[in-house]
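Read-outs: derived from the displayed coordinates by stated rules, not from any lab. Keep in mind it's a predicted model, so treat the numbers as computed, not measured. Don't worry about glycine lacking a Cβ; one is built from the backbone with ideal geometry, like all the others, and counts go over all protein chains shown.
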Amino acid sequence: MNEITSESKQMKNTDDEWEPKILAFLCNWCSYAGADLAGVSRIQYPPNIRVVRVPCSGRINPYFIVKALLDGWDGVLVSGCHPGDCHYLTGNLVARRRFGILKDLLEFFGIEPDRVNFMWASAAEGERFAVLIRKTTKLVKKMGPNKKFEKKW
Amino acid sequence: MGDIESENQDIENSIKELARNLLRDKEVDVIIGYTKGTVPLSSSPVFITREEDTDKLLWNNLCYVNLANYLAPRIPKLYDEEGQKLKVGIVAKGCVGRALIHLAVENQINFENIKMIGISCNGIINRKRIEKEIGEREILETSILGNSIIVKGRDFEETFPFDEYLNELCKVCKVKSPPNVDDSCVGECLENPVIEDDFNDISDFESKTSEEKWVYIKDTLSACTRCYACREVCPMCYCNLCFVDQNKPIWFGKTTDFTDIFAFHFNRAMHLAGRCVACGACSSVCPMGIDLNLITRKLEKIVKERYNFTSGMDKETVPPMMSFSMDDKEEFMMEED
């Protein structure tokens with residue numbers, strides 16, 4: 001996590017064309033394989049995501065997401081297996097409850113809700129994965145850089 | 001309906017009588033209740049074991065501490081000399097009862113050893129608001145006269161209308177008395193309560209734009225000094241190792257920079273979703289006078305709307321964060337256009 005964090009700080013873009021950095025948590029069994037499939041199928045999608053492989057979307061603790069925002073990531077994406085397809089049977093269902101509350105609360109605290117996105121993508125859905133990454137990148141890009149969490153000290 | 005002063009007197013008398021009876025009949029070994037505070041505009045918790053001491057118990061509208069906290073697992077359990085668990089009687093306004101029931105749902109306490117002395121709470125004063133209006137002047141005495149709050153100091157005396165200076169959560173409170181579970185409640189109790197809440201009080205805030213909300217939250221929370229009084233007083237915050245004390249990994253810094261304050265309050269809110277019983281103790285003890293009630297209400301609203309759950313109403317319903325369902329709403333998940 002720390003290595004990724006320091007990378008994100010170095011990557012401040014100086015070009016006119018600002019590109020968002022999005023931290024993507026992909027579950028090992030579906031979304032990570034889906035991303036792999038998108039890769040081997042040579043499907044083009046924006047290079048803005050940095051992938052962290054997690055065993056299951058149920059592994060995602062809200063701390064991870066808050067920490068990522070605090071560390072200056074412009075967006076966070078969590079992707080897991082479709083409901084019912086979880087390798088651990090119910091991990092993504094547990095995660096979904098958390099995400100629902102997290103998303104509502106972020107909105108309530110005044111963080112643009114589009115900064116944090118959740119999606120399902122199976123190992124066979126390389127195309128869908130690419131489409132949704134394009135969508136996320138577009139959403140985050142529209143909101144601009146994550147400036148709310150710049151530390152004063 | 002009498003005025004607040006006589007209501008208080010009635011509640012106090014019923015507490016004393018029930019406490020005396022419970023102690024006399026040896027149904028409980030110790031009563032946890034409220035007594036006169038050591039400083040004005042407050043009241044202290046008190047543990048009473050002898051029948052003659054029950055006169056110390058009182059009810060004024062400053063009983064803001066949630067007594068369920070004294071039964072929460074991080075507080076050492078109450079035992080007698082032989083190591084037997086003491087039977088506890090606890091003065092329970094609605095939110096104390098709810099907190100106890102929710103602790104039981106989380107398997108942290110057992111109602112076998114607990115008797116709730118149910119009262120019909122008539123609201124807690126928003127002491128932070130009064131303190132703010134009194135400002136630098138020193139408060140020496142507070143009392144309720146009729147329907148108003150009298151605050152006396154060395155050379156001033158001010159009157160505040162009770163209805164207006166109620167805690168925001170008490171204004172919209174629907175559970176004045178503790179729900180009765182396992183027949184552990186004596187006095188005023190609710191049987192199978194059904195709660196209808198429209199959450200109109202926070203709709204104003206919710207209709208604001210993202211930017212306005214951020215500015216408001218930032219202005220309110222910036223005062224936070226991270227003393228964690230809100231955590232200490234919360235009956236639901238009983239983790240052995242709180243995430244703010246964790247240092248491997250450190251989830252956020254220890255500074256009072258707004259980013260860290262935000263992380264604390266946001267994660268705290270996440271932890272309390274579906275668990276918070278809306279007692280308002282956190283706001284009442286905040287030394288900086290931060291109003292956390294807004295977040296409390298929003299949490300209640302989210303779990304009500306998403307998972308149709310109200311914490312601490314009965315022992316059977318599984319809390320939303322301890323369960324899941326295939327049919328949960330997932331309108332927030334990203335889909336292809």
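When every Cα-Cα distance of the stretch B:59-145 is counted in 5 angstrom steps from zero, the calculated P(r) takes the values 3, 11, 20, 18, 13, 12, 9, 8, 4, 1, 0 percent. Positive end of the dipole of the protein assembly as shown (Cβ unit charges, origin at the Cα centre): among A:Cys30, B:Phe156, B:Cys95, the Cα lying farthest that way belongs to A:Cys30.
Legend: residue pairs A:Lys148/B:Lys298; B:Lys132/B:Lys171; B:Lys56/B:Lys315; B:Lys248/B:Lys301; A:Lys103/B:Lys115, Cα-Cα distance threshold 29 Å; pairs beyond threshold, B:Lys56/B:Lys315; B:Lys248/B:Lys301; A:Lys103/B:Lys115. Projected onto their three principal axes, the Cα atoms of the stretch A:20-142 cover extents of 39, 32, 18 Å, largest first. On full extension, the segment bounded by B:Arg74 and B:Asp55 gains 3.9 nm, given 0.36 nm per residue less the C-alpha separation. Projecting the Cα positions of B:Tyr165, B:Ala273, B:Ile124 onto the charge dipole of the protein assembly as shown (unit charges on Cβ atoms of Lys, Arg, Asp and Glu, taken about the Cα centre) puts B:Ala273 furthest along the positive direction.
Here the alpha carbons of the stretch B:89-140 define both size measures, Rg and Dmax, at 16.5, 48 Å. Between B:Asp260, B:Asp53, B:Asp25, the GNM of chain B built on Cα springs shorter than 10 angstrom shows B:Asp25 fluctuating the most.
Given 25 °C and 0.890 mPa s, how large is the Stokes-Einstein diffusion coefficient of the protein assembly as shown in µm²/s, with Rh as the Kirkwood radius over Cα pairs? It diffuses with D of about 99 µm²/s by this estimate.
Comparing mean-square fluctuations of B:Gly153, B:Gly274, B:Gly289 from a GNM of chain B with C-alpha springs under 10 Å, the top value falls on B:Gly153.
Placing a label point 7 Å from the Cα of B:Asp163 along the Cα-to-Cβ direction, the residues of the stretch B:101-126 whose backbone N falls under 15 Å from that point are B:123. Let me know the whole percent of all Cα-Cα pairs from the stretch B:200-320 that are separated by more than 19 Å. Roughly 51 percent, rounded to a whole number.
Treating the beta-carbon of each Lys and Arg as +1 and of each Asp and Glu as -1, no other charges, what is the dipole magnitude of the stretch B:200-320 about its Cα centre, to the nearest 20 debye?
Working: 15 positive and 15 negative charges, 66 e Å.
It comes to approximately 320 debye.
Could you compute how fast the stretch B:165-253 diffuses translationally, taking Rh as the Kirkwood radius over C-alpha pairs and applying Stokes-Einstein at 20 °C with viscosity 1.002 mPa s? Give it in µm² per second. It would help to have the intermediate numbers written out before the result.
Details: Rh = 17.6 Å.
Estimated via Stokes-Einstein, D reaches 122 µm²/s.
With the simple model of a label 7 Å out from the Cα in the direction of the Cβ, B:Val39 to A:Arg50 spans 4.6 nm.
With 10 Å bins beginning at zero, the pair-distance distribution over Cα atoms of chain B amounts to 5, 24, 33, 26, 10, 2, 0, 0 %.
Only lysines eight or more places from A:Lys152 in sequence, or on another chain, were considered; those with a Cα closer than 23 Å are A:Lys9, A:Lys12, A:Lys21, A:Lys67, B:Lys213, B:Lys218, B:Lys254. First measure r as the distance between the Cβ atoms of B:Asp182 and B:Asn240, then evaluate 1/(1 + (r/R0)^6) with R0 = 25 Å and state the FRET efficiency to the nearest 0.05. Efficiency, from the Cβ-Cβ distance: 0.40. Here, the stretch B:1-94 is characterised by an Rg to Rh ratio of 0.99, where Rg is the alpha-carbon radius of gyration and Rh the Kirkwood radius. Lys/Arg Cβ at +1, Asp/Glu Cβ at -1, dipole of the stretch A:20-142 taken about the Cα centre: which of A:Ser41, A:Tyr88, A:Pro55 is farthest positive-ward? Of A:Ser41, A:Tyr88, A:Pro55, it is A:Ser41.
Over chain B, with a Gaussian network built from C-alpha contacts below 10 Å, which listed residue (B:Leu41, B:Leu140, B:Leu299) shows the highest mean-square fluctuation? With Cα springs under 10 Å in chain B, the top fluctuation among B:Leu41, B:Leu140, B:Leu299 is at B:Leu140.
Tell me, in nm to one decimal, what length is gained between B:Phe199 and B:Lys171 on full extension, where the rule is 0.36 nm per residue of separation less the Cα-Cα distance? Write down the numbers at each step before the final one.
Values: separation 28, 0.36 × 28 = 10.08 nm, distance 1.16 nm.
Length difference between fully extended and current span is 8.9 nm.
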